[in-house]
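The values are calculated or read from the model by the stated rules, or taken from the named source; none is laboratory data. Note that the structure is predicted; figures quoted are calculated from it, not measured. Cβ placement follows ideal geometry from the backbone for every residue including glycine, while neighbour counts extend to all protein chains displayed.
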Amino acid sequence: MQWDLKPEDCPNKDVCGIITKLTEEEEIELYQARLENNRRIVERIRVNQEQAASSLLLSRGDAQTPESLGVTDTLAELQTAISLLESTINELDEGYIAPVGVEAHRYTVKRPYGCYEYNKLTAKDAIFEPQIKRNKVKVIHLSKDDDQRNIKGRAGIEKRNRLLAIKRQIKAATELLNEAREDASRESIEEAVARKMT
């Protein structure tokens with residue numbers, strides 16, 4: 001088959017007898033055959049060039065769908081991952097979560113009768129509610145390693161760090177999803193086809 005064959009060079013022009021150049025909107029009459037209950041049914045249909053091309057490709061071109069290409073399953077996996085991530089965030093949201101910039105430190109107190117290790121939460125600015133003073137303070141003392149104040153304070157820092165890591169990953173994923181959407185809609189399908197054929 002010659003793709004660049006012009007109508008006037010068609011070897012069947014003597015059989016057809018007529019060469020007519022149609023505009024894209026003009027309809028032509030075609031015969032369409034199909035099998036129904038093991039019987040061949042032939043119908044006459046009127047279509048324009050675009051409809052004829054679509055009919056040919058949809059019926060014989062092994063047309064695919066987002067589902068057959070795996071896009072639908074991948075989207076379902078993404079929705080499941082988002083649901084699981086929401087559950088994880090809800091679990092991390094229980095109890096104390098330390099503010100950004102707050103860290104835990106262990107320090108040693110020396111007394112004449114011995115040295116003792118204690119823990120504290122510290123912030124660069126005075127953000128903590130005071131126990132005695134009127135103004136906010138930069139430090140909360142958490143006592144010894146096995147004290148619940150220390151354990152919960154350090155757990156709050158760990159939860160904060162995990163939530164911030166989730167936030168970073170969500171932002172990165174959002175950027176990738178937005179990039180995919182922009183790539184898919186940057187130009188129309190017709191413009192992309194025309195660009196690739198030149």
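See the values below:
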item: Options Thr108, Thr74, Thr122: the member that is outside the structural domain of Lys159 (by TED's automatic domain parsing) and among the hydroxyl-bearing types (Ser, Thr, Tyr); result: Thr74
item: Residue tally, condition surrounded by 12 or more Cβ atoms within 10 Å (Cβ to Cβ) and either without any contact (Cβ under 8 Å) to a residue 12 or more places away in the chain or closer than 14 Å to Gly156 by Cα (or both), over region 100-115; result: 3
item: Pairs with Cβ under 7 Å, 6+ apart, first in region 27-52 and on the phi < 0 side of the Ramachandran plot, second in a loop (DSSP other than H, G, I, E, B) and among the hydrophobic types (A, V, I, L, M, F, W, C); result: Ile28/Leu22; Gln49/Leu22
item: Per-region count, region 10-60, residues loosely packed, with under 10 Cβ neighbours inside 10 Å and either of a type in the set (Phe, Trp, Tyr) or at pLDDT below 75 (or both); result: 12
item: Enumeration of residues in region 150-198 that are in the same structural domain as Glu117 (by TED's automatic domain parsing), over 32 Å from the mean Cα position of the chain (by Cα) and without any contact (Cβ under 8 Å) to a residue 24 or more places away in the chain; result: Ile151
item: Glu94 under 30 Å from Asn150 (Cβ atoms) and either without any contact (Cβ under 8 Å) to a residue 60 or more places away in the chain or more than 28 Å from the chain's Cα centre (by Cα) (or both); result: yes
item: Residues within region 173-190 that are surrounded by 10 or more Cβ atoms within 10 Å (Cβ to Cβ) and small (Gly, Ala, Ser), tallied; result: 2
